[in-house]
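As structure tokens, the structure follows; a few thoughts come after it.
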Amino acid sequence: MSAPAPIRVGLAGLGSMGRNHLRVVSGHPATVLAAVADPDAAALDAATAATGAAGFADPLAMIRDAAVDAVIVAAPTTAHVPLALAAIDRGIPVLVEKPLAATHAEALRIVDAARAAGVAVQVGHVERYNPAVLRLGELLREGWLTTIYAIVSRRAGPFPARIRDVGVTVDLATHDADMLSWIAGERPTRVYAELAQRIHATHEDLLFGLLHFPSGASGMLDVNWLTPAKRRQLTVIGEEGMFELDYLTQRLTFTKSDLAHGELIAGYATTFTGDVLEIEVQTHEPLQAQLDAFVRAIHSGERPYVDGDDGAWAVRIATAFLEAASTVGPVDLAGEAVPA
């Protein structure tokens, strides 16, 4: 049996993530970059010259007129809804960069349209494809932690000048809202948050968020655009010990609980240090793995690994954080939460 023909991909948006998608799609054996779109003439000319793809100044025109089998939406967040709906209207599978939309209502518009049309929507929560995360998931399923007590996530770095349309909560914390729900295996029923706006002209650039899960597990997010060095870290604490993960280095360790053998620091402060196990991780590029999953979903017709429902729920948690901060009180999601 011959291999299926390459999937002709249209790419909407040539910002920082768009350029990454351009590189990965152009080099993938199962895809060909058929069309690109961006209103920036210089960026568009560079992309078409490098790839031979058809160029469009208007992403909607590309979706309407280009001969494509799939679309990747990497435009600003506020453009996600019209572009995704245009692809769905044509019956074209679409990968939408995270966040799926700026608001939960807009995210549900995409989900409902895709479901009605029977069109696949995948959301670009690329951290799900990080090899250290995938290995962590395997070990959790194997029962390394009988009970998860707490999940702590830190996603921090300098202010990105490219982000103007949304704040750090919708832009970045959606990663962690999705990740913590995935690790817990359930969706939070209550959230609380504190926000700050220090250097962003119109939106918050710091979030501390708390989540309560039905199992009793707690989650905490530290997300900001104020830290002078990029940090992407995750800690999962449970009955048998603690996983620590670095998204950037793809390093994963497990520290076993050991309360029977205390040590003294400087002769007077007791500490307990468990054995630290370095977990072997077969490294790969998460964005490449995400495209692999998109290709598989298109060929098989199966539910994408991270689908529109996942993306919409991440946006819902993010908007609940904003609500909690504005009302200075917890937001109850118990009536909305369904199994992750």
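The values are calculated or read from the model by the stated rules, or taken from the named source; none is laboratory data. Given the structure is predicted, the values throughout are model-derived calculations rather than measurements. Using ideal geometry, Cβ is built from the backbone for each residue, glycine included, and neighbour counts are taken over all protein chains shown. Surface accessibility is based on the protein's heavy atoms, side chains included, excluding ligands, DNA and RNA. Shrake-Rupley method; radii C 1.70, N 1.55, O 1.52, S 1.80 Å.
The table below lists the values:
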{"read-out": "Pairs with Cβ under 7 Å, 6+ apart, first in the stretch 199-210 and in a strand (DSSP E or B), second buried (at least 21 other Cβ atoms within 10 Å of the Cβ) and polar (S, T, N, Q)", "value": "L206/N224; L207/T169; L207/N224"}
{"read-out": "Subset of the stretch 225-244 [assigned to a strand (DSSP E or B) and surrounded by fewer than 24 Cβ atoms within 10 Å (Cβ to Cβ)]", "value": "R231, R232, Q233, T235, I237, G238, G241, M242, E244"}
{"read-out": "Considering residues of the stretch 285-316 that are more than 26 Å from P4 (Cβ to Cβ) and touching a Lys or Arg at 6+ places or on another chain (Cβ under 8 Å) only, the residue surrounded by the fewest Cβ atoms within 10 Å (Cβ to Cβ)", "value": "W313"}
{"read-out": "Considering residues of the stretch 118-145 that are farther than 15 Å from K98 by Cβ and in a loop (DSSP other than H, G, I, E, B) only, the residue most open to solvent (accessible area, probe 1.4 Å)", "value": "E142"}
{"read-out": "Verdict on R115 being open to solvent by 30 Å² or more (accessible area, probe 1.4 Å) and farther than 18 Å from P82 by Cα", "value": "no"}
{"read-out": "Number of the condition not met by I148 [criteria: (1) open to solvent by 20 Å² or more (accessible area, probe 1.4 Å); (2) touching a Lys or Arg at 6+ places or on another chain (Cβ under 7 Å)]", "value": "(2)"}
{"read-out": "Search result, residues across the stretch 98-117 that are without any contact (Cβ under 8 Å) to a residue 12 or more places away in the chain and outside any helix (DSSP H, G or I)", "value": "none"}
{"read-out": "Residue check, A193 closer than 26 Å to P330 by Cα and open to solvent by less than 10 Å² (accessible area, probe 1.4 Å)", "value": "yes"}
{"read-out": "Qualifying residues in the stretch 76-97 (those that are at pLDDT 95 or above and in a loop (DSSP other than H, G, I, E, B)) - the one surrounded by the fewest Cβ atoms within 10 Å (Cβ to Cβ)", "value": "G91"}
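Per-residue answers, yes or no, for (1) of a type in the set (G, A, S); (2) not in a loop (DSSP other than H, G, I, E, B):
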position	(1), (2)
V24	no, yes
A34	yes, yes
A42	yes, yes
A50	yes, yes
L60	no, yes
A67	yes, no
V71	no, yes
